[in-house]
1. Which order, highest average first, do 52-61, 94-103 follow once you tally other Cβ atoms within 10 Å for each residue and take the mean per peptide?
2. Magnitude of the Cβ-charge dipole of the range 15-150, K/R +1 and D/E -1, about the Cα centre, nearest 20 debye?
3. For the range 85-160, what ratio Rg/Rh do Cα atoms give with a Kirkwood hydrodynamic radius?
4. Can you work out the FRET efficiency for the pair residue 65 and residue 5, with r the C-beta to C-beta distance and R0 = 30 Å, to the nearest 0.05?
5. Counting only Cα, what are the radius of gyration and maximum Cα-Cα distance Dmax of the chain, in Å?
6. How high is the relative contact order of the range 34-159, given as a whole-number percent (alpha carbon pairs under 8 Å, six or more residues apart)?
7. If you take the square roots of the eigenvalues of the alpha-carbon gyration tensor of the range 9-100 and sort them as a ≥ b ≥ c, do you get rounded (a/c under 1.5), prolate (a/b over b/c) or oblate?
Amino acid sequence: MEKIASFTVDHTRLLRGIYVSRKDVLQPGVVVTTFDIRMKLPNREPAVSQGALHTIEHLAATFLRNHPVWGPRIIYWGPMGCCTGNCLLVNGDLNAADIAPLVRETFQFIAGYEGDIPGANAHDCGNYMLNNLPMAKWEARKFLVEVLDRLTDANLNYPE
């Protein structure tokens, strides 16, 4: 079986950042861009805990889908199975720099969030008790300060 594109990225050299993972042309003029929002250095630092990542998912998905400008273009936000980041699917032929301000805004929202986690109850979520707001805020602040507030080309383009 042929490797999918994301498994051809050299994860030993991958930095934390925002990357275009793939672009899917659904029909002429309709492109969905998948972004790799990489919060951790793969295989070189501990992954995000499942509780924190689940909370980040709830907060980011809610924030993004309600965003006054980007909301109608957001298709999906969800965690990667390796727990080193998230996938963001957006309607449009975009690059990482296009969405960097939105990703920064999202992580600012998470880092400063107070209150109940949206959808974190038995009715709305299949595993609502697997949430950790303090760690989600800590991880969001760390990613924001260490990466998003000082993005370079190396954090916006996969390693060659």
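1. My ranking of the peptides, most packed first, is 52-61, 94-103.
2. 320
3. Ratio value, two decimals: 1.03.
4. Values: r = 26 Å, r/R0 = 0.87.
About 0.70, to the nearest 0.05.
5. Expressed in Å, the Cα Rg and Dmax of the chain come to 15.4, 46.
6. 31 percent.
7. Numbers: a/c = 2.36, a/b = 1.36, b/c = 1.74.
Cα axes put the range 9-100 in the oblate bin.
FYI, it's all coordinate maths here, none of it is from the lab. Computed from a predicted structure; not experimentally measured. With ideal geometry, Cβ positions are generated from the backbone for all residues, glycine too; neighbour counts draw on all protein chains shown.
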